[in-house]
1. In this structure, is residue 258 loosely packed, with under 13 Cβ neighbours inside 10 Å, among the charged types (D, E, K, R) and out of contact with any His (no Cβ under 8 Å at 6 or more places or on another chain)?
2. Could you please let me know if residue 144 is modelled with pLDDT under 95, over 17 Å from residue 219 (Cβ atoms) and in contact with a Ser or Thr (Cβ under 9 Å, 6 or more places away or on another chain)?
3. Would a scan of region 107-128 turn up a residue that is within 23 Å of the chain's Cα centre (by Cα), part of a loop (DSSP other than H, G, I, E, B), modelled with pLDDT of 95 or more and of a type outside the set (D, E, K, R)?
4. Tell me the residue from 193, 148 that is under 20 Å from residue 4 (Cβ atoms) and of a type in the set (A, V, I, L, M), please.
5. For residue 144, state whether it is aliphatic (A, V, I, L, M) and closer than 19 Å to residue 271 by Cα.
6. Collect the residues in region 175-199 that are part of a helix (DSSP H, G or I) and either of a type in the set (A, V, I, L, M) or buried (at least 20 other Cβ atoms within 10 Å of the Cβ) (or both), keeping them in residue-number order.
7. Which is of a type in the set (A, V, I, L, M), closer than 30 Å to residue 120 by Cβ and modelled with pLDDT of 95 or more, of 245, 326?
8. Any residue at all in region 37-49 that is outside any loop (DSSP other than H, G, I, E, B) and either crowded, with 24+ Cβ neighbours inside 10 Å or at positive phi (or both)?
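The values are calculated or read from the model by the stated rules, or taken from the named source; none is laboratory data. What you see is a predicted model, and the numbers here were worked out from it, not measured in a lab. Here Cβ is always computed from backbone atoms with ideal geometry, including for glycine, and neighbour counts include all displayed protein chains.
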Amino acid sequence: MKILVTGSSGHLGEAMVRTLREAGHEVVGLDIKESAFTDVVGSVDDNECVSDCMRGVQVVYHTATLHKPHVATHSMQDFIDTNVSGTLTLLQAAKANAVKAFVFTSTTSVFGDALRPPAGTPAAWVTEEVKPIPKNIYGVTKTAAEDLCLLFHRKHGLNCIILRTSRFFPEDDDDKMKREQYTGENAKANEYLFRRVELEDVVSAHIAAAERAGELGFGRYIISATTPFLTEDLQELNSHAPAVVRKRAPAYMEIYNRLGWTMFGKIDRVYVNNAARKDLHWNPKYDFSHILDCLEAGDYPRSQISKQVGSKGYHDEVFKDGPYPV
């Protein structure tokens, strides 16, 4: 099968190209940056380039994007050109070439201010039913791109699956205060409870989405690690999260104490992957329980594909405040 992967020099793009090529597929990698996994150096907003790349393609994995850390370094127009116009260019070419499945990598960042419950109120239980309220140009453009996918499904019958992925980047948090309070591994382990997913599981979700696209036609799905929390936990989560974690994963305390780690004091949202597991037949491996098992065995859990891809960062320059300009 011939497959197009956009953003092939990025974290997910490289992981997709590696996995698909190992499975024997013919893969065209498209990115504005050169890499061993990019066959065509060009922009998703370049009609001629995209049309050339799309010939004979049956499945498109559109992972290319400007991310949240680019908000301070790129203009709003840059975000529109890449995230909106680029997606439109790809959708038009996919329609013209009768592509069988178009899988769009979106983000849980589209929910934005819908995920800010006031103190004393329950944490947000985030399913596909929550209405996005984007809080920056990144969220706005990803939401607009999602709507373009829906439009092309409704008007042209293009099978489009949207995957709203939670955090899977290996870099430390872009929040300076969090970087100062928690080691990177500690923070990431905590996040598997409610807002993180492992790269291997993101890749498997994309492959499952393409396989199910013909039957589903269209869908938007949250891709995040399976949470141990229940809706009855939400009130306490947003005020005293460690108590809830002790109830749902009691083994964590001994392991964290040995490592000198701490749990977040509050958890204000929980991403729920039930729909993706049901509709896409997706079986994510990495959840908080698996993380604890690995830590107990003396190894921080990282999949082989994560180790192969490594850390790429988001900017070529180093900033006064470290890896991020914000």
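1. Criteria met by residue 258.
2. Numbers: modelled with pLDDT under 95: no; over 17 Å from residue 219 (Cβ atoms): yes; in contact with a Ser or Thr (Cβ under 9 Å, 6 or more places away or on another chain): yes.
Considered against the rule, which asks whether it is modelled with pLDDT under 95, over 17 Å from residue 219 (Cβ atoms) and in contact with a Ser or Thr (Cβ under 9 Å, 6 or more places away or on another chain), residue 144 comes out as no.
3. yes
4. 148
5. Numbers: aliphatic (A, V, I, L, M): yes; closer than 19 Å to residue 271 by Cα: no.
Here the answer is no, as residue 144 does not meet what is asked.
6. 177, 187, 188, 189, 190, 191, 199
7. 245
8. Taking every residue of region 37-49 in turn, none turns out to be outside any loop (DSSP other than H, G, I, E, B) and either crowded, with 24+ Cβ neighbours inside 10 Å or at positive phi (or both).
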